Structure formats: structure tokens, C-alpha cells
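Working notes for the structure below.
Nothing in this text is a laboratory measurement; each read-out follows from the coordinates by a stated rule. On a predicted model such as this, the values are computed, not experimentally measured, just so you know. Here Cβ is always computed from backbone atoms with ideal geometry, including for glycine, and neighbour counts include all displayed protein chains.
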Amino acid sequence: MKTYIAVGVIALGTTAFAHSGVKDPDVMNRMMGMSEMAKQMKVLGAMAKGEQAFDAAAVDAALVRMAEEASYIPSLFEPKATDPKSEALPVIWNEFDTFEEHARALEKTSTALSGTVGTRADLGPAMKELGQACSACHSDYRQK
Ligand code: HEC
């Protein structure tokens with residue numbers, strides 16, 4: 001019985017990874033969306049650092065995926081959901097237009113960069129641009 005419980009906990013731990021303890025499903029969904037974008041950034045980062053071979057097609061796939069996730073941000077945040085684990089600032093829902101603009105800016109940046117990263121050297125500037133689009137929103141709408 002003890003073993004059975006332990007296995008269950010491990011399985012839950014891997015599906016919920018960093019978000020364990022989040023109870024609100026809307027908050028969980030938007031965190032998953034953010035994590036998906038962070039995952040794509042890591043793919044780019046690994047290539048930029050030379051940990052992974054440069055692959056222009058994989059870069060474009062990551063950029064397309066990021067643009068897609070960015071396009072979901074407004075609907076993911078539409079419910080004014082809260083959770084003790086959330087880092088979202090309530091001001092989001094007073095300034096939803098501006099918040100949405102940040103999401104669109106990231107979507108545009110990712111889309112515009114797709115097809116332009118031809119060598120490993122292009123990755124640094126591309127990641128800088130993307131990172132700025134992330135932090136432009138985080139700096140106003142996410143707890144530091
Ligand atoms: C339009 C605004 C906006 C943009 C653009 C944005 N984020 Fe976020 N992000 C947020 C908010 C708000 C939260 C806090 C959500 C919460 O805790 O409820 C967050 C949380 C996160 C988290 C933590 C998720 C978790 O598990 O708690 C990560 C990682 C993250 N963002 C990565 C990124 C990356 C990488 C980018 C750019 C590629 C990005 N974000 C772009 C608003 C944004």
C-alpha cells in the first residue's frame with residue numbers, strides 16, 4: 001500500500017512538474033502556456049550555447065510554436081482566475097488591452113523572426129528580441 005501511494009505521488013509530480021499545488025484550472029492552463037514558451041526558448045538557448053547542433057528548421061519550429069502560444073495568451077488570461085501560487089498581477093484585468101498588446105507583440109516578433117535565423121550567430125540577437133517581448137509584459141504584469 002505504501003509503495004502504491006509513493007508511485008502515485010511520483011506520477012503526479014511529473015505531470016504537474018513546476019505547478020504542483022496550483023488548484024485553479026485556469027491558472028494552471030495559463031502557467032502551462034507560459035511553460036511551453038519557456039521550453040521553446042530553451043531549445044533556442046541550447047543551440048545558441050552549442051549544447052545542441054544548430055538546426056534552422058528546428059529554430060523555425062520553435063518560433064512558430066511560440067507565436068502560436070503567444071496568440072493564446074489573451075484567451076488564457078481572460079478568466080480573472082486567482083490562485084495562491086499565481087504570480088499574475090491583478091492590474092492585468094484593469095488594463096487588458098495593454099496586456100493583449102504585449103501578447104500580440106510577442107506573437108509578431110516570433111512570426112517575423114521565423115525564417116531569418118540562418119546561422120548560430122543569428123540566434124543571440126533573435127533570443128534577445130524574444131526575451132525583451134517576454135520581459136516587457138512580465139515587468140508590468142508578473143510579480144518579481
Ligand atoms: C502578455 C504578457 C506576457 C508575455 C508576452 C509573456 N508572459 Fe510569461 N507570464 C505572464 C504572467 C502574467 C505570468 C504569471 C502567471 C501566473 O502565475 O498566474 C507569467 C508567467 C510565466 C512563467 C511562469 C509559469 C509558471 O509555471 O508559474 C514563465 C516560465 C513565463 N511566464 C515565461 C515566458 C516567456 C519565456 C515568454 C516569452 C517567450 C513570456 N513568458 C511572455 C505574462 C506574459
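Structure summary
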| item | result |
| --- | --- |
| Distance histogram for the range 66-121 (every C-alpha pair counted, 10 angstrom bins, percent rounded to whole numbers) | 21, 42, 23, 12, 2 |
| Centre separation in Å (Cα based) which lies between the range 31-47 and the range 84-144 | 12 Å |
| Estimated FRET transfer efficiency when R0 is 30 angstrom, pair residue 97-residue 19 (beta carbons, to 0.05) | 0.60 |
| Pair-distance profile P(r), taking every C-alpha pair of the range 29-144, with 5 angstrom steps and integer % | 2, 12, 23, 23, 16, 11, 7, 4, 1 |
| Estimated inter-spin distance, residue 120 and residue 104, nm [label 7 Å along Cα→Cβ] | 3.8 nm |
| The range 24-83: GluC sites (Glu not before Pro) in DSSP loop, at most 10 other beta carbons within 10 Å | 51 |
| Sequence-distant aspartates and glutamates (8 or more away, or on other chains) whose Cα lies within less than 12 Å of residue 23 | 83 |
| Most to least packed among 82-92, 38-48 [average Cβ atoms within 10 Å] | 38-48, 82-92 |
| Fewest-first ranking of 98, 119, using other Cβ atoms within 10 Å as the exposure measure | 119, 98 |
